[in-house]
Amino acid sequence: MKKIIIPLLALTLSGNTFAQQKDYGQKADSIIALMTLDEKIGQLNMLTGNWEATGPVLQDVNKSEMLKKGLVGSMLNVKGSKNTRQLQELALQARLHIPLLFGQDVIHGYRTVFPIPLAQAASFDRSAVKDAAAVAARESAAAGIHWLFSPMLDVARDPRWGRVMEGPGEDPYMASEIARAMVEGYQSAGPDGLKMMACAKHFAAYSGAIGGRDYNTVDVSMQTLHNLYLPPFKAAAEAGVASYMCSFNEINGVPSSANKYLYDLLYKDWNFKGLVVSDWGSIGEMVVHGYSKDRKMAAEQALNAGVTIDMESYCYIDHLKALVAEGKVTEETLNAAVRRVLIQKYELGLFDDPFRYCDPKREKASLLTDENRATAREVAGKSIIMLKNEAGLLPLRKAPASIAVIGPLADSKRDMDGNWVILSHDAIAVTVLEALKEEYPKSRIEYVKGCDVNSTDKSGFQAAIEAARKAELVVLALGETWDMSGEAKSRGDIHLPGVQEELAQAVYQANPRSLTLLMAGRPMIFNAIKEQAPAVLYCWWLGTEAGHAVTDVLTGRRNPSARVPMSFPSHLGQIPVYYNHKNSGRPPVDQAGNYSGRYIDIDYKPAYPFGYGLSYTTFAYDNIQVSTASDGLHVSMTLRNTGDYDGNELVQVYLQKLWGESTRPVKELKAYEQVFLKKGESRQVELTIPYKELAYYGQNGWQKGDGDYKVYVGRSAAEVVDMKEISIVNF
Ligand code: GLC
């Protein structure tokens, strides 16, 4: 390894060689004392690598020269230990040899691609989410990456917004649980001792964009901001997340990139010690927002508000020197930001060894291992929601003599990986067709595409119908292509695209033994399939092991256990539709002809409510008890597997505060647990809701939440098994 000569002072203060000095802040201050103004500003400047841009490229600069002058503190979109080593070597040529941080959007896996985060949310399985994050962290660290721009924690209610695919769904409690699981999975050191920085994004309320149009204005009450959007970000802080990324949107007139209310909350109330990075170009975009007069003012506003690093807007590198000279940004504010960056670099051990993440042998040995693929298959199987299974079509009890595999997603490797993938452009995912051929080598399997994803061309229908007629079983695979959900991929019409639903109807006519797999990055509308299909599995985008996860469920090796993480609208006109709504004074009812909040032309209820999903078995709940204890509200029951298969039941507990200082939602999920029971087995189940979960932000600020409640035990937000009333006071 090339020996790097670090100035004696920096060396004497570096890392663990002088274990007695634990305070990285002191070490950082010692380096800051050596830095010029340009070098300080350089640490706050993040540039993308030359391999790809994940946003609009604003300037064409000589990055090598900037690196050698110490004018870049971190980079993104640099993949592989070889590439990161090359750029690290350039950065270490700068006067103080301060190592670079490398960040990457590892949203659902690095080389082994996992189900999209919305699919992982559907698993309602904390350990599955954590396992996926841990594999992603190990693969990323082996590839020279230090910093993962994940978890994305934008609670979302509008499926027109393309980024619901990378988020935690519509519930703030579940989103908080996901935040904790992902931060722990990402930031726990691996066996090689390498740690990662996670990044809670996008801070905040980005998903509240009006009309579901990406980057659009967010106009939100303080109650909704605190009770819906902020909880998962607070959970991430409690879990020790290393960084936050600000969002593109404004909140009530102030863009997040300079929203001092947000960063005072973060640094002062939540006692956050890490760093905040802007989103791509978001500081400069405050001029476009009409908030900053020019990019210089934007730089002043962002740094003074608390944004540490400027990603790809060049506002900091272009204007901070003048702002400091003019006293508009104090050198103390600048030093505080630089300290936050240097402390992270110490935490990762980069001052000890800037190349400790750059080991090509470890990289080769760590990526796409059988173990990682097995984890991906497990998580994918836990993410599949069975929406319908009539006539007992599933599970398949024996090998069908013949199978017609139909639809544009049945054999598409790239689409299985979905959006926000790092290395899947040479997609290696297992398709449904491949997995069915593996599963049933003796069956006659015919594949007919039938139609494209997003076209009006029905010329392939006839071949599909003929194939369906001849087959004992039909497997349809329909949905969105990988680039129909994701960033800047909002859709005004979220129906199943093209003529796919017509193809499905024609196939059902030809052969009623048809099962339908729907693959997408968002909830879609597909009412004809919902009504006519004998069996429907919602498969999202399941990643590298997609096909195997599907056959695990089709054969009954895995009993489906996933549930709806975000309400599926039955009509575009309902949007936004979500379970944790307020009651209003005239809630909707089914009967016509009265003064209620119903529509006169469409159903007001979602096609599939939050928490909904079917299993191959059935469960009975007995002896449900609710009580208060010193540590919280206890909800217990005897749960029995009354069906013919072993399987999971997602026990869900919702609370409704009946009256008080401000109105509260008709239901709020406050506890959930996947409970596995063998066929015929019964078990005593108890869930505890700590009293702190009752707190809410009302018209007079934070409230304890003591008062009269209804406690619902449900199989979904709409299917209540039992309800108890209880007063929760004196805690
Ligand atoms: C993108 C996304 C953000 C991502 C960043 C870097 O615009 O909004 O989620 O982390 O830029 O790629």
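Values for this structure:
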| quantity | calculated |
| --- | --- |
| Within region 49-76, considering residues that are within 16 Å of the ligand (Cβ to nearest atom) and modelled with pLDDT of 95 or more, the one nearest to F248 (Cα to Cα) | L76 |
| Qualifying residue in region 86-100 (condition: open to solvent by less than 10 Å² (accessible area, probe 1.4 Å), within 14 Å of the ligand (Cβ to nearest atom) and outside the structural domain of W541 (by TED's automatic domain parsing)) | no |
| Any hit, region 438-449, residues being over 23 Å from S570 (Cα atoms) and free of Cβ contacts under 8 Å to residues at least 12 places away in the same chain | yes |
| Qualifying residue in region 244-261 (condition: at pLDDT 95 or above, in contact with a Lys or Arg (Cβ under 9 Å, 6 or more places away or on another chain) and assigned to a loop (DSSP other than H, G, I, E, B)) | yes |
| From the options V675, V711, residue that is in contact (Cβ under 8 Å) with a residue 40 or more places away in the chain, hydrophobic (A, V, I, L, M, F, W, C) and crowded, with 16+ Cβ neighbours inside 10 Å | V711 |
| Number of positions in region 26-58 that are within 21 Å of T84 (Cβ to Cβ), open to solvent by 10 Å² or more (accessible area, probe 1.4 Å) and among the polar types (S, T, N, Q) | 2 |
| Residues being in contact with a strand residue (DSSP E or B) (Cβ under 9 Å, 6 or more places away or on another chain) and among the basic types (K, R) - total across region 383-412 | 1 |
| Number of positions in region 270-324 that are of a type outside the set (A, V, I, L, M), in a helix (DSSP H, G or I) and in contact with a Lys or Arg (Cβ under 8 Å, 6 or more places away or on another chain) | 5 |
| From the options E661, E673, residue that is over 24 Å from A121 (Cα atoms) and of a type in the set (D, E) | E661 |
| Only one of D105, D154 that is among the charged types (D, E, K, R), in contact with a His (Cβ under 7 Å, 6 or more places away or on another chain) and either closer than 28 Å to I343 by Cβ or within 16 Å of the ligand (Cβ to nearest atom) (or both) | D154 |
| Selection within region 158-171 - crowded, with 24+ Cβ neighbours inside 10 Å and either away from the ligand (no atom under 16 Å from the Cβ) or assigned by TED's automatic domain parsing to the domain that holds Q652 (or both) | P159, G169, E170, D171 |
| Residue within region 369-384 that is assigned to a strand (DSSP E or B) and either touching a residue at least 24 places away in the same chain (Cβ under 8 Å) or not basic (K, R) (or both) present | no |
| Selected residue (only one of G284, G290 is away from the ligand (no atom under 16 Å from the Cβ), out of contact with any strand residue (DSSP E or B) (no Cβ under 7 Å at 6 or more places or on another chain) and either among the small types (G, A, S) or modelled with pLDDT under 95 (or both)) | G290 |
| Residues of region 611-661 satisfying the condition of being in a strand (DSSP E or B), buried (at least 21 other Cβ atoms within 10 Å of the Cβ) and not hydrophobic (A, V, I, L, M, F, W, C) | N641, G647, N648, E649, Q652, Y654, K657 |
| Given (1) within 23 Å of P232 (Cβ to Cβ); (2) outside any strand (DSSP E or B), index of the condition E673 fails | (2) |
| Residues satisfying the stated conditions in region 249-277, i.e. among the hydrophobic types (A, V, I, L, M, F, W, C) and either in contact (Cβ under 8 Å) with a residue 60 or more places away in the chain or surrounded by 24 or more Cβ atoms within 10 Å (Cβ to Cβ) (or both) | A258, L262, L266, F272, L275, V276, V277 |
| Hey, Y595 over 26 Å from the mean Cα position of the chain (by Cα) and crowded, with 17+ Cβ neighbours inside 10 Å or not | no |
| Unique residue being within 26 Å of A562 (Cα to Cα) and either out of contact with any Pro (no Cβ under 6 Å at 6 or more places or on another chain) or not small (G, A, S) (or both) when the list is V729, V713 | V713 |
| Yes/no for L387 being among the aliphatic types (A, V, I, L, M), assigned by TED's automatic domain parsing to the domain that holds T551 and not in a strand (DSSP E or B) | no |
| Count of region 278-313 residues which are on the phi > 0 side of the Ramachandran plot and either touching a Cys at 6+ places or on another chain (Cβ under 7 Å) or surrounded by fewer than 19 Cβ atoms within 10 Å (Cβ to Cβ) (or both) | 1 |
| Residue identified as in the same structural domain as D417 (by TED's automatic domain parsing), over 21 Å from R126 (Cα atoms) and out of contact with any Leu (no Cβ under 7 Å at 6 or more places or on another chain) among G556, G573 | G556 |
| Qualifying residue in region 105-122 (condition: surrounded by fewer than 24 Cβ atoms within 10 Å (Cβ to Cβ) and either in a loop (DSSP other than H, G, I, E, B) or modelled with pLDDT of 95 or more (or both)) | yes |
| Every residue from region 172-229 that is of a type in the set (D, E, K, R), open to solvent by 10 Å² or more (accessible area, probe 1.4 Å) and within 15 Å of the ligand (Cβ to nearest atom) | R213, D214 |
| Tally, over region 230-280, of residues that are touching a His at 6+ places or on another chain (Cβ under 6 Å) and more than 16 Å from the ligand (Cβ to nearest atom) | 0 |
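Residues are listed down the side, and each one gets a yes or a no for (1) in contact with a Lys or Arg (Cβ under 6 Å, 6 or more places away or on another chain); (2) among the acidic types (D, E); (3) closer than 29 Å to P168 by Cβ; (4) at pLDDT 95 or above:
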{"position": "G611", "(1), (2), (3), (4)": "yes, no, yes, yes"}
{"position": "N623", "(1), (2), (3), (4)": "no, no, no, yes"}
{"position": "R640", "(1), (2), (3), (4)": "no, no, no, yes"}
{"position": "L655", "(1), (2), (3), (4)": "yes, no, yes, yes"}
{"position": "S662", "(1), (2), (3), (4)": "no, no, yes, yes"}
{"position": "L669", "(1), (2), (3), (4)": "no, no, yes, yes"}
{"position": "E681", "(1), (2), (3), (4)": "no, yes, no, yes"}
{"position": "Y696", "(1), (2), (3), (4)": "no, no, yes, yes"}
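The values are calculated or read from the model by the stated rules, or taken from the named source; none is laboratory data. Every value quoted in this text rests on a predicted model; they were computed, and no experiment measured them. Quick reminder, even Gly has a Cβ in these numbers, built from the backbone with ideal geometry, and neighbours come from all protein chains shown. Quick note on the areas: whole protein, heavy atoms, side chains included, nothing else; ligands and nucleic acids left out. Shrake-Rupley method; radii C 1.70, N 1.55, O 1.52, S 1.80 Å.
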